[in-house]
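One structure is given here, and the rest of the page talks about it.
The values are calculated or read from the model by the stated rules, or taken from the named source; none is laboratory data. On a predicted model such as this, the values are computed, not experimentally measured, just so you know. When we count neighbours, we look across all protein chains shown, and the Cβ atoms used for this are built from the backbone with ideal geometry, even at glycine. Areas reflect the complete protein model, heavy atoms only, side chains present, ligands, DNA and RNA absent. Shrake-Rupley method; radii C 1.70, N 1.55, O 1.52, S 1.80 Å.
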Amino acid sequence: MKFPEGFLWGGAVAANQIEGAWLEDGKKPNVTDIMVGIGSNDPGLKWNEETGKWEMALDPEKKYLSHEAIDFYHRYPEDLKLMAGMGFNCFRTSIGWARIFPNGDEEEPNEKGLEFYDKLFDEMKKDGMEPVITLSHYETPLHLMTEYGGWSNPKMIEFWKRYVTVVFNRYKGKVKYWLTFNEVNGMLRNSFVCASVLNLHPDEAGKKDPVHSITKAQLWQAYYNILVANAWTVKLCHEIDPAAKCGNMMTASGTATYPENCDPDNVLGAYDTQRWAVFYMCDPMVFGKIPNYVLALWENHPDWKPEMHDDERKLMAENTIDFISYSYYRSAVYAKDANMQSNTGGIKGKNNPFLKECSPKPWSWPVDPKGFRYTMNIMQDRYHLPQFVVENGIGLDENLDENGKIDDPFRVRYLEEHLKEMKKAIYEDGCDIMGYLWWGPIDVVSAGTGEMKKRYGFVYVDRFNDGHGTLERKTKNSYFRYKEIIESNGEDL
Ligand code: BGP
C-alpha cells in the first residue's frame, strides 16, 4: 500500500540552525543568536547603565556555532540538490525575520534579505521542491525584545503584520504552505525564546535577571498577542495569496503523555499535561476562541488575565488556520510524584518500561512510534483538520568510519517504524495526513543544546562542537533508504 497521491515528502530545517551568516547583508541579531542552545535559557545580555537598556553581551568563553552554522546561506544550491536527490517534493525552512526587518521596527524591509529568500525559493522550485515556510522559528529580532519587551507588548502585532505583509506580497505564487510560529506552545517552559518575552523592568532594574523574572501577566499577555498575530497572519495570507494555505506549528510530543497507571489522579494529571503542553495553544488557533480552561485559569488568577479587545477576538474567530502542523519526537509518562520537566523533544516524566530504545546519552529521548500514531489520532479527532507532520527524527552522535562512511541503522529503523505507524494512522484510522518531514535531513546546529554533535541528518556535515571542520557534506546510508521509501511513495516499508 502506498501513501496518498500528492503526499508531501521532505525534510525540515530552520534559518537560525542552518544559514550562518548571522550578520551578513544587513541582518541583525535575533533571539537565538545570543544563546548556545535554547535549553540553557541563558542569553548573552547585559544591562547598560548609560542607556538604561538591555543589550547583547556575548560570552567569549562560549562557542556560538549558529553564527556560522553549516553555512547554508552560501551553500544552499549544493544542499538543495542533495535534498532533491532523495526525491523530496518539498523542503521546510524559515525566513529569518531579522534578515527582512533587522531591528524589527523599521518602516521599510531590507532588500538584500528579501533577495536571498527569492533566490532560495526559486532554487527549491527548480529542484522540484515546494517551499514550506515557517514565518518565525525562534527568530524574533533581538531589538524588539530589548526595546519593547517582545510579545507581551501589543506593538509587536503591528511589527509582525508589517513583516508578514511584506513576505506574503513578495513570495506570492512561490510559497503555498506557510507556518506561523514554530513550537510556540513551548512558551510556558521557555518564555524567553518560544514567546520572545523579556522583562524590561524587573525589580531593582539591572540587578534582577530579565529572563527568569518574566511575570505570569507578561506571559499570558504574550500568549494573547501571539494568538491575535496568528489570526492576522491567516487573514493576510488568504487576502494576499488566496492559493496559499496557512498552518500553525506545535510541539506535539506532549500529546502522547501516558498516565503511569489507572490511578484517577494520574489519568487526570496526564490529561492536564496534554492540555497545558499542546491544546491550550492549538485549540484557539483551530476553534477561534480562547478555551474555557484557560479562561478559568485567568478567573482564578485575575492578575494574570491579559488585556483583550472584542475586535481582536472577532478576528480570531474569523481567521482560523487551514491545517495543523507539528513535531513529534517522543512520548512521556505522567505520575503524580514525577518531576514533569521538558526540553526540545517534549515533556519528560517517568521512564516508560515498555519502550526499548532511546537516543544516546546525554539526550536519551525514548523512541515510541506507537505514540506517534496515538498523537496523529488525537489530533484528528480533536481538530478535524488536515495534519502536516513537519518534524520527526533522531539525533545521534556520529563520526565517519575508516572508509569515510556512516552506517546509521538506528536512524533507518526510527524512520521506518514511524512511517509504518503513519500508514496505519492513514489507512486504519482515517487520519488526514498531508505530508511527513524529517527534522534535520542535513546535520544542523541543535536547537536545544547549540551543538553539532547531535546529528539528525541523512547528510553528514564536517563540523564539530569546537567549531572546526571543513563543512564538507557526505551522504549517510540512511540517505539511500529514505530515497527508496519516497520513490515507492511509501509502498516499500
Ligand atoms: C524542535 C525544534 C527544532 C529542532 C528539534 C530538535 O523543538 O523545532 O528547531 O532542533 O526540536 O531539537 P534539538 O535540536 O534540541 O535536538
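Is there a residue in region 317-334 that is more than 30 Å from Lys176 (Cβ to Cβ) and more than 16 Å from the ligand (Cβ to nearest atom)?
Yes.
Give Thr233, Thr257 a once-over and let me know the one that is of a type in the set (S, T, N, Q), open to solvent by less than 10 Å² (accessible area, probe 1.4 Å), closer than 15 Å to Phe181 by Cβ and in contact with a helix residue (DSSP H, G or I) (Cβ under 9 Å, 6 or more places away or on another chain).
So the residue among Thr233, Thr257 that is of a type in the set (S, T, N, Q), open to solvent by less than 10 Å² (accessible area, probe 1.4 Å), closer than 15 Å to Phe181 by Cβ and in contact with a helix residue (DSSP H, G or I) (Cβ under 9 Å, 6 or more places away or on another chain) is Thr233.
Scan region 259-273 and report the pairs whose first residue is more than 12 Å from Asp337 (Cα to Cα) and whose second residue is open to solvent by less than 50 Å² (accessible area, probe 1.4 Å) and in a helix (DSSP H, G or I), with Cβ atoms within less than 7 Å and a gap of 6+ or a chain change.
Thr273/Gly254
Can you tell me which of Asn185, Asn190 is modelled with pLDDT of 95 or more and among the polar types (S, T, N, Q)? Walk me through how you get there before you give the answer.
Details: Asn190 fails: modelled with pLDDT of 95 or more.
One residue alone meets the criteria, Asn185.
If you go through region 325-345, how many residues are surrounded by 21 or more Cβ atoms within 10 Å (Cβ to Cβ) and aliphatic (A, V, I, L, M)?
So the count comes out to 3.
How do the pairs read when you match residues in region 395-419 that are without any contact (Cβ under 8 Å) to a residue 24 or more places away in the chain with residues anywhere that are in a loop (DSSP other than H, G, I, E, B), using Cβ under 6 Å and keeping only pairs 6 or more apart or on different chains?
Pairs found: none.
If a residue has to be under 20 Å from the mean Cα position of the chain (by Cα) and open to solvent by 10 Å² or more (accessible area, probe 1.4 Å) to count, how many in region 264-282 make the cut?
Of the residues in that region, 5 qualify.
Which strands (runs of 3 or more DSSP E) does region 1-119 wholly contain that include 1 or more residues that are of a type in the set (A, V, I, L, M, F, W, C), within 16 Å of the ligand (Cβ to nearest atom) and over 21 Å from Ser191 (Cβ atoms)? Steps first, please.
Numbers: elements: 8-12, 45-48, 53-56, 90-94.
Result: 8-12, 90-94.
For Glu183, work out the one condition from (1) surrounded by fewer than 18 Cβ atoms within 10 Å (Cβ to Cβ); (2) among the charged types (D, E, K, R); (3) within 15 Å of Ala14 (Cβ to Cβ) it doesn't fulfil.
(1)
Which ones in region 447-480 are open to solvent by 10 Å² or more (accessible area, probe 1.4 Å), of a type outside the set (Asp, Glu) and free of Cβ contacts under 8 Å to residues at least 40 places away in the same chain?
Phe464, His468, Gly469, Thr470, Phe480, listed by residue number.
Please find, within region 360-382, the residue that is nearest to the ligand (Cβ to nearest atom) out of those that are in contact with a strand residue (DSSP E or B) (Cβ under 7 Å, 6 or more places away or on another chain) and open to solvent by 10 Å² or more (accessible area, probe 1.4 Å).
Trp365
Somewhere in region 281-291, is a residue in contact with a His (Cβ under 9 Å, 6 or more places away or on another chain) and under 29 Å from Val167 (Cα atoms)?
Looking through region 281-291, at least one residue is in contact with a His (Cβ under 9 Å, 6 or more places away or on another chain) and under 29 Å from Val167 (Cα atoms).
I'd like the full set of residues that are surrounded by 16 or more Cβ atoms within 10 Å (Cβ to Cβ) and hydrophobic (A, V, I, L, M, F, W, C), limited to region 52-76.
Residues satisfying the conditions are Trp54, Leu58, Leu65, Ala69, Ile70, Phe72.
For region 344-359, which residues satisfy the criterion of being within 16 Å of the ligand (Cβ to nearest atom), touching a residue at least 24 places away in the same chain (Cβ under 8 Å) and farther than 23 Å from Leu188 by Cβ?
Answer for region 344-359, where residues must be within 16 Å of the ligand (Cβ to nearest atom), touching a residue at least 24 places away in the same chain (Cβ under 8 Å) and farther than 23 Å from Leu188 by Cβ: just Ser359.
Residues of region 8-46 being surrounded by fewer than 17 Cβ atoms within 10 Å (Cβ to Cβ) and either on the phi < 0 side of the Ramachandran plot or charged (D, E, K, R) (or both), which ones?
Leu23, Glu24, Asp25, Ser40, Lys46
So which of Lys28, Lys53, Lys81 ends up being more than 23 Å from Trp151 (Cβ to Cβ), of a type in the set (Lys, Arg) and touching a residue at least 12 places away in the same chain (Cβ under 8 Å)?
Answer to the selection: Lys81.
Among the residues of region 392-422, what is the count of those that are open to solvent by less than 10 Å² (accessible area, probe 1.4 Å) and of a type in the set (D, E, K, R)?
2
Which of the residues spanning region 430-469 are closer than 19 Å to Ala84 by Cβ, within 10 Å of the ligand (Cβ to nearest atom) and among the small types (Gly, Ala, Ser)?
Filtering region 430-469 for residues closer than 19 Å to Ala84 by Cβ gives 435-444, 456-461.
Checking which are within 10 Å of the ligand (Cβ to nearest atom) leaves us with 439-440, 444, 456.
Gly440, the sole residue that qualifies.
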